[in-house]
Amino acid sequence: MLEKEFFTEYGEASQYQIQEVVGKGSYGVVASAECPHTGGKVAIKKMTNVFEHVSDAIRILREIKLLRLLKHPDIVEIKHIMLPPCRKEFKDIYVVFELMESDLHHVLKVNDDLTPQHHQFFLYQLLRGLKFMHSAHVFHRDLKPKNILANADCKIKICDLGLARVSFTDSPSAVFWTDYVATRWYRAPELCGSFYSNYTPAIDMWSVGCIFAEMLTGKPLFPGKNVVHQLELVTDLLGTPSPVTLSRIRNEKARKYLSNMRRKDPVPFTHKFPNIDPVALKLLQRLVAFDPKDRPSAEEALADPYFQGLANVDYEPSRQPISKLEFEFERRKLTRDDVRELMYREILEYHPQMLQEYLQGEENTNSHFLYPSGVDQFKQEFARLEDHKEDEEERNSPPVQRKYTSLPRERVCSSEDEGADSVHAQPSSSSVVFTPPQTPNKDTGLSSQKTTQVDKAAAATPVEALVEYSNADDVFVLSKGLNLRVRGSLQSLLNMATISQ
């Protein structure tokens, strides 16, 4: 148990009691913790040797900044960042996230009884979070089911902004990236072939379409084995691009490759997906249009008839574009010490009094060390828990790894390319059983159901934040079953959908 004396003046660390290691990734270890004062659970991520590689440190700094600036109910939230004991030499960072129970990738794998209402509700939250992100001129660039966290009450949140970028033009476009390495299966065709020298939020909308198709069918839409195979699968469904679309492609080699491709006609979506609601298919077809100019924005997608009775523009906020000053460091060549100082400055955003002193130049710069920090005690707790975790892993299986920086989840998935993912994994016996809906509701078009004892507990979880824009802390109970099944009482959806328009 951690001492309660530290961080009482500037932070919240004294409120947390670390419990167990719940995940590992290439950037660090995540432990679940409890706040004795509220009984709430959080995920504390330990990132070690952050500044060993400057490029990795910049990526972490970028993500931490974006998560602070993009506070929205459908984007994972940083609750707190521990203040390091030594400003000039600290190497580790401890970030406190809200704890989510699973991710959409896992939910889709272990649930074969998700209803159309679940698909609609998941997509609505995803688009709403993306609308907010895009209004800030931020592109996620790596949307996929593993980067969408999920709770058993059907609440989802976008995470993993390590590859995200901000556009500082008058419109959210004209951004050129040479380091785009997003997962192939959800990668827009213009990125597969480097068709353009600049990109728009439409790259994220393509990913949304691929995720939506996976919700509807239970399997990836374009599981390409390589980039060429990926484009083959895309054109098998959508047909070869029109001459107008080809004329917009600036990359000469890509244009020539597509022009020489065997002519293919598009497959009607009603033939490809005969058992899917036609209204859903119309939206899907818009989202995966080959030409990015033909894809809807997140705001336009939210206005689609598919969301009739659910969408409410009052609960779909936007924000002003992010200031260039926040990311001025992206324009400079930074040293390790530069990034460390920028990281320290960002951490102070979670310590208001220290930040005020820092900005006023009143900090005692002659003192090399700050006041005693809870981070030192956290190190001991993490070391003990990691040793215990490693002993268990040696007896069972090798530790799972995760590729990017956000790990505010209970269960960490493998970091291997989605192209090697198994989409036929069997649910474990520890899964929470979901009771499907039975009776349609005339007023909302959603379905109602009689909840079991488990469903009543889920229905009691506050869900207003799923629709109302609020920064209030949402506390959810950690599921004991690693293979989460959405028990997601649709009564919660009914309560949400009947909010006055």
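Too long at a 31 Å Cα-Cα cut-off: which of Lys41/Lys225; Lys157/Lys282; Lys79/Lys219; Lys41/Lys144; Lys65/Lys253? Where the Cα-Cα span goes over 31 Å, the pairs concerned are Lys41/Lys225; Lys79/Lys219; Lys65/Lys253. Cα gyration tensor of segment 215-355, axes a ≥ b ≥ c as square roots of the eigenvalues: rounded (a/c below 1.5), prolate (a/b > b/c) or oblate? It is oblate, given that a/c is not under 1.5 and a/b is not larger than b/c. Arranged from fewest to most other beta-carbon atoms within 10 Å of their beta carbon, Val279, Val30 become Val279, Val30. With neighbours defined as other Cβ atoms within 10 Å of a residue's Cβ, the residues Met47, Met261 order from fewest to most as Met261, Met47. Note on Lys253 and Lys225: their simple-model spin labels are 2.2 nm apart, each label 7 Å out from Cα toward Cβ. Please label the shape of segment 1-156 as rounded, prolate or oblate, based on the square roots a ≥ b ≥ c of the eigenvalues of the alpha-carbon gyration tensor (a/c under 1.5 means rounded; beyond that, a/b larger than b/c means prolate, else oblate). Note, shape of segment 1-156 comes out prolate. Going by neighbour counts of Cβ atoms within 10 Å, the residues Glu357, Glu299 line up, fewest first, as Glu357, Glu299.
Any read-out appearing in this document is the output of simple, stated calculations on the displayed coordinates, not a laboratory observation. Bear in mind the structure is a predicted one, so any value in this text is a computation, not a measurement. FYI the Cβ positions are ideal-geometry reconstructions off the backbone, even for glycines, and counts take in every protein chain you see.
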